[in-house]
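Below is one structure, written out as structure tokens; the observations come after it.
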Amino acid sequence: MHLGTLAPVALVALTTVAAESNAHAAGKVELEVVVIEASKTGKSPAPKGVSAKVVKELESFGFTAIRVSDRITASVENEASVSVEFRSKPNEKKKRQMLKVTVLEKKKEVTRLKIALPSIPFSAETEHRKGGTFLVAVKGKNADAVFLAVTPKP
């Protein structure tokens, strides 16, 4: 599990998803992006649909209130990307962020991705085996943060 800490951003909500295809690819990768709101104040039961490993990782950083605000799955071809746009507050239109996930390569056992938040700026190339998750942290106000969990399905 990888965790990156990024520039301060208030809590986010997923608003739109757009897929871009820029290659003639043989196979598709099923991607899941989960937007998780977490706080170090309060307490909540573990959210449904989030792996125990991700919850344990968040708890290791002191987050006790964890909830899934949005989840999206997309089928993406090799060398194509999916973009997830989210806002800093649910009803605010100005402060939007974009998470872009590009499938670099899909092999039998390994999926290589490029995960980017251009407005911060942040970019990482990752390798996923058996559906491993890459977790990106976006610091919020006070003891809050938003985590973007990116998982290619095997």
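Every number here is computed from the coordinates shown, using simple stated rules; none is lab data. None of the values given here were measured: they were computed from a predicted structure. Here the Cβ is made from the backbone with ideal geometry for all residues, glycine too, and neighbour counts use every protein chain on show.
If one computes P(r) from the Cα atoms of the range 31-154, what percent of pairs lie at distances over 26 Å? Taking all Cα-Cα pairs of the range 31-154, the fraction more than 26 Å apart is 21 percent. Among 46-54, 141-149, the peptide with the highest mean count of other Cβ atoms within 10 Å heads the list, and the full ranking is 141-149, 46-54. Amide H to amide H distances under 5 Å link VAL76 with VAL29, GLU30, LEU31, where only residues 5 or more positions off or on other chains count and H is placed in the peptide plane. Residue-wise HN-Hα couplings along the range 55-65, as the Karplus relation 6.51 cos²θ - 1.76 cosθ + 1.60 with θ = phi - 60° gives them from phi, are 4, 4, 4, 5, 5, 5, 9, x, 7, 10, 10 Hz; Gly and Pro carry x. Between SER60 and VAL110, the contour length at 0.36 nm per residue exceeds the alpha carbon distance by 15.3 nm. Residue by residue, the range 138-154 carries 3J(HN,Hα) couplings of 10, 5, x, 7, 6, 9, 9, 7, 10, 10, 10, 9, 10, 9, x, 7, x Hz when phi is fed to the Karplus relation 6.51 cos²θ - 1.76 cosθ + 1.60 (θ = phi - 60°); x denotes Gly or Pro.
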